[in-house]
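K.L.:
Below is the structure I would like to discuss, written out as structure tokens.
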Amino acid sequence: MRDFQLPGRSPVLATGGMCATSHPLGAKAAIDVLERGGNAMDAAIAGAVLLGICEPQMTGIGGDCFVLWSEGGSDTVHALNGSGRAPAALDAAHLRDSGEATVPLHSAHAVTVPGAIDAFCHLSETVGKLGLDDLLAPAIRYAEQGVVVAPRVAFDWANDAGTLQGRARDHYLIDGKAPTVGQVFRAPGQAEVLRRVAKDGRDAFYTGEIAEDMLAVLNANGGKHTADDFAAARCTLTTPIAASYKDIEVVEHPPNGQGATALLMLNILAQFDIASMDPLGAQRIHIEAEASKLAYDARNRFLADADYATRADHMLEMSTAKKLAALIDPTKAMQSPAALSESVHKDTIYITVVDGDGMSVSLIYSIFHGFGSGLASDKFGLLLQNRGAGFTLEKGHPNELKGGKRPMHTIIPGMIRQAGRVIMPFGVMGGAYQPCGHARFASNLTDFGMEPQDAIDAPRAFTDKGVLSVERGYSDSIRAELSDMGHKVEIPRTAIGGAQAIKIHESGVLEGASDARKDGCALGY
């Protein structure tokens, strides 16, 4: 039980249904859907689409999603890949020949075809109950009437506003400036797009005037996208991957997501007695940082579109983890593995919903970097993701850019099973941090017996590009210890990631947890 004399959050407890996400309006929209008779998938879709209006720097219908879900009363976890592909006419050689070493972050070449709308339409039709017109109504209403800008959203908006280019500045700035806390943001163009999708389904988005609006800005900026690329967009049902850690099983989405990185990291951590360490001590941070370096190096070498990730299974083998763990010096930081050209960043939303019948949904949805590519369509103001920056231009690499291919993706939804029973959908936002965040969350639960809210609230550290970021929740003495081990330690300007989770108790009680690093909350009824 938390100390009520200290800052913190109590878990949210309910039995009828629960949502946890990064903005209160998204959580409320999801609960409203449940109370109208929708199931958890309906609620997750409704909340997620609205989050694109509440947090446009993080996500939107010009982006991608991945989804894990389990039906009520079933222990089977299903997976859907809602990530888009590079235009058929684009390949790495084209960019190499033009002198590029990486895919330019804010170019049309970084824009893969948005996959989220096709995924949402498919899931609404095949898993949901209420229908798209009902699910999109909250987002349509708020896009027209406006959303009051929340504190964390305003912070991120100001940081990322420089990315916006051309007409995107008209759609996402107010009087040429990033909106501040309390200002109202409206997106009437997106409201019209969602109305058409609600009426005519995915074809309204991927063909006709809406697709032409997106194509116009892409082609004007040198993109090789065609109408056929948009019309061909399709989500893909996949098979989840999983690994055990202590008495739980962590379930992840397979490549092209980086879920295998989280599982490899857990397998590496399993070679150490983490439970004997101080949960907030330097030794634990050090071992976790070294495991991250090794797991992420494997990610950079092996993960790609599932059709090309020929050695992804190697990452899941315990023998691989044992060999890597043996490389870790418990007292000294290793040199960071050489970075490849893949671009990873940290702008994403996550939503989880569990309904009264036991269906659980874990959904993550993103436009990659803050405001994605910075390009938006002229008429409707649809921001376009820059997921193509997740490709490498290295010749022969599994993740080499190629037309019609999906890039390595940072966003990963998670699920936890125990004794074969689904007990917790969860997710950790934060781009590259996500596999480390999944591993730390699982370790907090199992090694230190933390409840979900405590596991989320605990301070975080993350090593990336030669720097070990250590949140202010740790003491200066911990940072000094880590420096003495050879880490280059910094306090991050922005909190590391964000997380949401719902624990499903055998009694039927739902326990929602939500990260204070974001504006959101857990709501139940």
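Quick note: the coordinates plus some simple rules give every number you see, no bench work behind them. All of these numbers come straight from a predicted model, not from anything done at the bench. All Cβ positions, glycine included, derive from the backbone under ideal geometry; neighbour counts span all protein chains shown.
K.L.:
Taking only C-alpha pairs under 8 Å that are 6+ residues apart, what is the relative contact order of region 431-482 in percent?
P.N.:
On the way: 26 pairs, mean separation 11.4, N = 52.
RCO, region 431-482: 22 percent.
K.L.:
Give me the lysines in straight-line cross-link reach of LYS322: C-alpha distance below 25 Å, same-chain residues under 8 apart excluded.
P.N.:
LYS246, LYS293, LYS332, LYS465
K.L.:
Further, regarding this structure: Convert each backbone phi in region 492-507 into a coupling constant with the Karplus relation 6.51 cos²θ - 1.76 cosθ + 1.60 (shift: θ = phi - 60°), then list the ³J(HN,Hα) values in order as whole Hz, x for Gly and Pro.
P.N.:
Calculated HN-Hα couplings, in order: x, 5, 10, 3, 7, x, x, 8, 9, 7, 10, 8, 9, 6, 4, 6 Hz.
K.L.:
What are the ³J(HN,Hα) values, in whole Hz, obtained from phi via the Karplus relation 6.51 cos²θ - 1.76 cosθ + 1.60 with θ = phi - 60°, for each residue of region 101-112 in sequence order, with x given for Gly and Pro?
P.N.:
Along region 101-112, the couplings run 9, 9, 6, x, 4, 10, 10, 5, 5, 7, 8, 8 Hz.
K.L.:
Picking from ILE416, THR112, SER124, whose Cα lies most toward the positive end of the charge dipole for the chain (charges on Cβ: Lys, Arg +1; Asp, Glu -1)?
P.N.:
Most positive-ward Cα: THR112.
K.L.:
What size of dipole, in debye to the nearest 20, comes out for the chain about its Cα centre when the only charges are +1 on Lys and Arg C-beta atoms and -1 on Asp and Glu C-beta atoms? Could you put the intermediate results ahead of the total?
P.N.:
Details: 47 positive and 62 negative charges, 133 e Å.
Using only the charged Cβ atoms, the result is roughly 640 debye.
K.L.:
Can you tell me how region 13-105 classifies by the Cα gyration tensor, rounded, prolate or oblate, using a/c under 1.5 as the rounded cut?
P.N.:
Working: a/c = 3.74, a/b = 2.14, b/c = 1.75.
The shape class here is prolate.
K.L.:
Normalising by the residue count of the chain, find the relative contact order in percent from Cα pairs under 8 Å and 6+ residues apart. Provide the component values of the computation, followed by the final result.
P.N.:
Numbers: 1287 pairs, mean separation 138.7, N = 525.
It rounds to 26 percent for the chain.
K.L.:
Using semi-axes √(5λ) of the Cα gyration tensor in Å as the read-out, say which of (1) 33, 28, 22; (2) 57, 28, 21; (3) 53, 28, 20 was calculated from these coordinates.
P.N.:
Only one listed value fits the structure, namely (1).
K.L.:
Now, a different point. Starting from the amide H of ASN81, placed 1.01 Å from N in the peptide plane, find each other amide H under 5 Å away whose residue is 5 or more places distant or on another chain.
P.N.:
Those qualifying (amide H under 5 Å, at least 5 residues apart or on another chain) are THR236, LEU237, THR238.
K.L.:
Here's something else I'd like to know. Skipping prolines and chain starts, which residues have an amide H placed within reach, meaning under 5 Å, of the one on SER107, given they are 5 or more residues away or on another chain?
P.N.:
Those qualifying (amide H under 5 Å, at least 5 residues apart or on another chain) number zero.
K.L.:
On to the next question. Taking only C-alpha pairs under 8 Å that are 6+ residues apart, what is the relative contact order of region 1-139 in percent?
P.N.:
25 percent
K.L.:
Taking neighbour Cβ counts within 10 Å as the exposure measure, how do MET277, MET408 sort from fewest upward?
P.N.:
Working: MET277 19, MET408 28.
Least crowded to most crowded, the residues run MET277, MET408.
K.L.:
Okay, moving on. I need the phi-derived Karplus couplings for region 449-464: 6.51 cos²θ - 1.76 cosθ + 1.60, θ = phi - 60°, integer Hz, Gly and Pro marked x.
P.N.:
x, 6, 6, x, 5, 5, 5, 6, 5, 4, x, 10, 9, 7, 9, 7
K.L.:
Then there is this: Does region 405-465 come out rounded, prolate or oblate by the C-alpha gyration tensor, with a ≥ b ≥ c the root eigenvalues, rounded set by a/c under 1.5 and, if not, prolate when a/b is larger than b/c and oblate if not?
P.N.:
Numbers: a/c = 2.59, a/b = 1.29, b/c = 2.01.
Judged from the Cα gyration tensor, region 405-465 comes out oblate (a/c at least 1.5, b/c at or above a/b).
K.L.:
So for the chain: antiparallel DSSP bridges make up what percent, rounded to the nearest 5? Before the final figure, lay out the partial values.
P.N.:
On the way: 69 of 72 bridges.
In the chain, approximately 95 percent of DSSP beta bridges are antiparallel ones.
K.L.:
Also: By count of other Cβ within 10 Å, fewest leading, how are LEU401, LEU324, LEU363, LEU6 ordered?
P.N.:
Working: LEU401 27, LEU324 22, LEU363 32, LEU6 6.
Ascending Cβ contact count within 10 Å gives the list LEU6, LEU324, LEU401, LEU363.
K.L.:
Here is a further query. Determine the shape class of region 143-273: with a ≥ b ≥ c the square roots of the Cα gyration tensor eigenvalues, call it rounded for a/c under 1.5, and otherwise prolate if a/b is greater than b/c, oblate otherwise. Spell out each step's value before the answer.
P.N.:
On the way: a/c = 2.29, a/b = 1.47, b/c = 1.56.
It is oblate, given that a/c is not under 1.5 and a/b is not larger than b/c.
K.L.:
Another one. Taking other Cβ within 10 Å of each residue's Cβ, how do ARG460, ARG2, ARG472, ARG440 sort, fewest first? Walk me through the intermediate numbers first.
P.N.:
Details: ARG460 26, ARG2 14, ARG472 11, ARG440 31.
Least crowded to most crowded, the residues run ARG472, ARG2, ARG460, ARG440.
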